[in-house]
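Structure first, commentary second.
The values are calculated or read from the model by the stated rules, or taken from the named source; none is laboratory data. In this text, all values refer to a predicted model and were calculated from it rather than measured experimentally. Neighbour counts run over all protein chains shown; Cβ positions are idealised from the backbone, glycine included. Protein only, heavy atoms only, side chains kept; ligands, DNA and RNA dropped before computing areas. Shrake-Rupley method; radii C 1.70, N 1.55, O 1.52, S 1.80 Å.
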Amino acid sequence: GENVEQHPSTLSVQEGDSAVIKCTYSDSASNYFPWYKQELGKGPQLIIDIRSNVGEKKDQRIAVTLNKTAKHFSLHITETQPEDSAVYFCAANTGGFKTIFGAGTRLFVKA
Amino acid sequence: GAVVSQHPSWVICKSGTSVKIECRSLDFQATTMFWYRQFPKQSLMLMATSNEGSKATYEQGVEKDKFLINHASLTLSTLTVTSAHPEDSSFYICSATRLNTEAFFGQGTRLTVV
């Protein structure tokens, strides 16, 4: 089955700096890659996603890139703000519509 | 985005009792819903896939008789934790898929078994 690896597990940045989270997946059949933000005690919220027919997608300060050949995808957050502090999960969606999550990255943005 | 409502948001129950958690898609029909379990500071672990009108598909290692899943309609799936024990204490999260790809998550249910 699909396996998603995510790095780093913890990331601390200064406010205004950029943050990058990287993930790899194993199943070449995966075709949809969402990113979720989870705040303490809440369910994950979809923040951006990318499909396998696209290499890059941007939404304001957030961007995601996908390298299908290498099975890598990354989340880029620019001009980070304290409210960006949360746990971020990458995920891969297989043909069975299951969402398999990475282990998560705890992002701290220091003011 | 689409709204998935999960109820209750938290519950405390005694050992040996059963607890039911509901997951509703409020503004779309979800042919498939998923149930996840999350331990503190860990990722979401898929427990089972719930398809409307058919039996749920459980992931390896998940006890079918302990975690009963019912998907009675296109907008409602329920997870019942039967004969709960303290080790069942966890954060349970459901998700519902729209257009067979996008998944939207409920707010989660924190279960504490005492």
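A few remarks follow.
- Hits in the range B:17-32 (condition: at the interface with another protein chain (Cβ under 10 Å from one of its Cβ atoms) and either touching a Ser or Thr at 6+ places or on another chain (Cβ under 6 Å) or crowded, with 20+ Cβ neighbours inside 10 Å (or both)): B:Thr32
- Checking A:Lys37 against (1) of a type in the set (Lys, Arg); (2) within 14 Å of chain B (Cβ to nearest Cβ); (3) at positive phi, the condition it does not meet: (3)
- Test: B:Val62 is open to solvent by less than 50 Å² (accessible area, probe 1.4 Å), β-branched (Val, Ile, Thr) and outside any strand (DSSP E or B): yes
- Verdict on B:Ser83 being among the small types (Gly, Ala, Ser), at pLDDT 90 or above and open to solvent by less than 40 Å² (accessible area, probe 1.4 Å): no
- The residues of the range B:65-80 that are open to solvent by 40 Å² or more (accessible area, probe 1.4 Å), part of a loop (DSSP other than H, G, I, E, B) and not acidic (Asp, Glu), listed by number, are B:Leu74, B:Thr75.
- Residues that are within 12 Å of chain A (Cβ to nearest Cβ), surrounded by fewer than 12 Cβ atoms within 10 Å (Cβ to Cβ) and not in a strand (DSSP E or B), drawn from the range B:1-16: B:Gly1
- Candidates in the range B:34-50 are the residues that are facing another protein chain (nearest Cβ under 10 Å) and open to solvent by less than 70 Å² (accessible area, probe 1.4 Å); of these, the one that is farthest from the chain's Cα centre (by Cα) is B:Ser43.
- Residues of the range A:72-95 satisfying the condition of being under 16 Å from B:Tyr36 (Cα atoms) and either free of Cβ contacts under 8 Å to residues at least 24 places away in the same chain or within 11 Å of the chain's Cα centre (by Cα) (or both): A:Phe89, A:Cys90, A:Ala91, A:Ala92
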